[in-house]
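Readers should treat all values here as calculations from the given coordinates under stated rules, not as data from a laboratory. Please read these numbers as outputs of a predicted model, since none were measured by experiment. Every residue, glycine as well, gets a Cβ built from its backbone with ideal geometry; the counts of neighbours run over all protein chains shown.
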Amino acid sequence: MIRLLTLLLFLPGLSPAAPSLCDEAARVAAKESGVPLNILLAITRIETGRRRGGETEPWPWTLNEAGQGHWFSSRKEAEAHLLQALNTGNRNIDIGCFQINFHWHGRHFSSVTTMLDPLANARYATAFLSKLYTESQDWQVAAGRYHSHTPELAGRYLARLNAELPQQPTHMRPRGPGTPLLRGGTVLSAGSLLRVSPGGRALLPGPRPRFFGG
């Protein structure tokens, strides 16, 4: 059933509306990994959310370049902008539903454009969260450390996450050692999937992304 859902989600012409792609990818990745779904749903809204119809919706075609966020109307536009930015030498770019940083984590993907794939992005996020849970045995701690191991930054992020957190138990445990990465061996050591300063500390989320297109 998961394989069929995944196929329907990401085959051209069969995808649901873009706002639901991050949520559907989160559901698949949560079921595979044992990471609580409500944490994934909250994270993708904090990282890429925009207000529509009184609700916060995640947006899969989101990039953040060194604190400057962008929403794009399609994956094609996001990919074009991403490749252009990389060609200019910029590596500090957060990508996709869970805003995974290219500089720190890009080598774990088969290609840079794969990082924009909602399911690939979600699976990497769950692999990292599973590792953080194994270290702390606490999903709240793991969620804060997803952003940063610096207590002050993790605390601020966790406060935002709890404000978004859908009502669902967070006592689930990862299944096994966590979801395998797309490329490479183990998940990276303690750190953030988000923007990281030259000193190694994750930065707080930058300005709200700008939406390009309809």
Next on the checklist: Please compute, over every Cα-Cα pair in region 67-126, the percentage with a separation greater than 12 angstrom.
Outcome noted: 64 percent
Checklist outcome for this item: Rounded to whole angstrom, the alpha-carbon centroid of region 135-161 lies from that of region 36-84 at a distance of 20 Å
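Using the beta-carbon distance between T150 and V112 and R0 = 41 Å, what value does 1/(1 + (r/R0)^6) give for FRET efficiency, to the nearest 0.05? Intermediate results must be reported in sequence, preceding the final value.
Numbers: r = 28 Å, r/R0 = 0.67.
The pair T150/V112 has a calculated efficiency of 0.90.
Normalising by the residue count of region 7-128, find the relative contact order in percent from Cα pairs under 8 Å and 6+ residues apart.
Contact order relative to length: 25 percent.
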Checklist entry - Mind listing the phi-derived Karplus ³J(HN,Hα) values for region 136-153, rounded to whole Hz, using 6.51, -1.76 and 1.60 with θ = phi - 60°, and x for any glycine or proline? => result 10, 6, 8, 5, 5, 4, 4, 5, x, 6, 4, 7, 6, 8, 6, x, 4, 5
Checklist outcome for this item: The extension gain from K31 to N162, computed as 0.36 nm times the residue separation minus the Cα-Cα distance, is 45.0 nm
